[in-house]
Amino acid sequence: MVGWDSMAVHAGREDLAALGVHAVPLDMSTTAPLTSVEAGGLAYEQMATGGVPQPGQSTVYQRLWNPTVARFEDGVAQLETAAESVSFATGMAALAAVLLAAVAAGKPHVVAVRPLYGGSDHVLATGLLGTRVTFVHPGEVRAALRPDTGLVVAETPANPDLRLLDIKALVAEADGVPVMIDNTFATPVLQRPLELGAALVLHSATKFFGGHGDAMGGVVATSADWASRLRQVRAITGGLLTPWPAYLLHRGLATLPVRVRAQQENAFKIASALQSHEAVSRVLYPGLAECDPLGLVGTQMSGPGTLLSFEVDTADYAERIPGAVKFITHAVSLGGVDTLIQHPAGLTHRPVAADAKPHATMLRVSVGLEDPEDILADLVQAIESVRTA
Ligand SMILES: *Cc1c(COP(=O)(O)O)cnc(C)c1O
């Protein structure tokens, strides 16, 4: 398979015709028959230490391995050009596994480039999993490295201000320390960080992979060595992706490229229109030249994406706008077929330290597949109704 769209439709399904089925088989088994204590025990030991079952071996127990989940992982690995991928119950469970793997390897120090998703910032700031963090801005990574630095963590585009960073430059600065890029906002449709030198790519699969706001999951695409370490953490801690959401997330991969491109087209129109609205003081969208000073759209990223943020004059004004939308939904999360609006400082980024919190005048919009005129009309009526209230 050569084309990316073809790959999205077929990845993880290559053997279905030979099996005599058309849709992905959904295997809900929590346990699997064993042929003998000895053979089952060996399979168990192998999987509990990060391996995968060999053909003909018992898969023992769903926490260790499941064929429906493995198909989704195979699909993600292909789209991210990774050797393997390992899935988890949520994006946060995936991040927790990466952090625990770094701690287990004796390298608990993490250099994290802000801004990050509020939950990621929170788990790092609390140090709850045994990591120690140095938060930095782009360009300050090298100076923050220590002998026990196990990981450099960054997002591009970043949640919620859509700031872009140069992944190749970040990898060079990290000086051999593994770089983990949260690629949730870009998806592999627009950006493939492993091709640029990142060691790990993390996704909240809850967002674009599912695409319909009805399945949670997280996944890390990486090398065989990291994948084995992550499977060991997953087998031990149990934060696994289960078959039904895996089935839905895998189904979502087939339409991921078309959804991303269509939503992106809408986002571009809305960002441009909001820019000329007198009540909007700033639009943050990678497709606007002033938001992409390094020229990364068209090089690192094939397009600017489907998320945008905008600022209004006062925090009070920003906090009232989500309550005034009619057709758009006021809700956290993103990447689905319907448009959502939320106030990052008050919601998704609430746990972030005051000096690193997003501006309280900012709102984030995840642009959906509706007619762009309808999305824009609703945003404009909400902005104007609150202003005149
Ligand atoms: C939502 C999100 C996460 C966390 O994923 P969950 O599936 O909600 O646990 C991590 N990173 C980014 C960029 C996100 O938007």
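For Asp182, the amide hydrogen comes within under 5 Å of the amide hydrogens of Ala154, Glu155, Thr156, Leu202, counting only partners 5 or more places away or on other chains and with H modelled in the peptide plane. Database remark: amide H of Tyr117 closer than 5 angstrom to the amide H of Asn159 (H placed geometrically; neighbours at sequence offset of 5 or more, or on other chains; Pro and chain starts carry no H). Amide H contacts of Arg282 (H built 1.01 Å from N, in plane; Pro and chain starts excluded): Glu311 sit under 5 Å, all sequence-distant by 5 or more or on other chains. Coupling constants for region 361-373 follow from the phi torsions by the Karplus curve (6.51 cos²θ - 1.76 cosθ + 1.60, θ = phi - 60°), and in residue order they are 8, 9, 10, 10, 10, 9, 7, x, 9, 5, 4, x, 4 Hz; glycine and proline get x. Lys-Lys pairs in the chain that are eight or more residues apart or on separate chains and whose Cα atoms lie under 28 Å of each other come to 10.
Across region 288-303, coupling constants 3J(HN,Hα) worked out from phi with the 6.51/-1.76/1.60 Karplus curve, θ = phi - 60°, read 8, 3, 5, 8, 9, x, 8, x, 7, 6, x, 10, 5, 10, 6, x Hz, and Gly and Pro carry x.
Protection proxy ranking of 149-155, 119-125, by the mean of other Cβ atoms within 10 Å over each peptide's residues and highest first, is 149-155, 119-125. Each of Val297, Ile328, Leu274 was placed along the dipole of region 256-388 (beta-carbon charges, centred on the mean Cα), and the one lying farthest toward the positive end is Val297. Rounded is the label for region 248-389. Its Cα gyration tensor axes, ordered a ≥ b ≥ c, give a/c under 1.5. Peptides 103-116, 84-97, ordered by how many other C-beta atoms sit within 10 Å of their residues on average, highest first, read 84-97, 103-116. Each peptide in 158-170, 199-211 was scored by the mean count of other Cβ atoms within 10 Å over its residues; highest first, the order is 199-211, 158-170. For region 256-388, the Cβ-based charge dipole about the Cα centre amounts to some 340 debye (Lys, Arg positive; Asp, Glu negative; other atoms uncharged).
Here, each number is a calculation from the coordinates, and none is a lab measurement. In this text, all values refer to a predicted model and were calculated from it rather than measured experimentally. Positions of Cβ are generated from backbone atoms using ideal geometry, with glycine treated the same way; all protein chains shown enter the neighbour counts.
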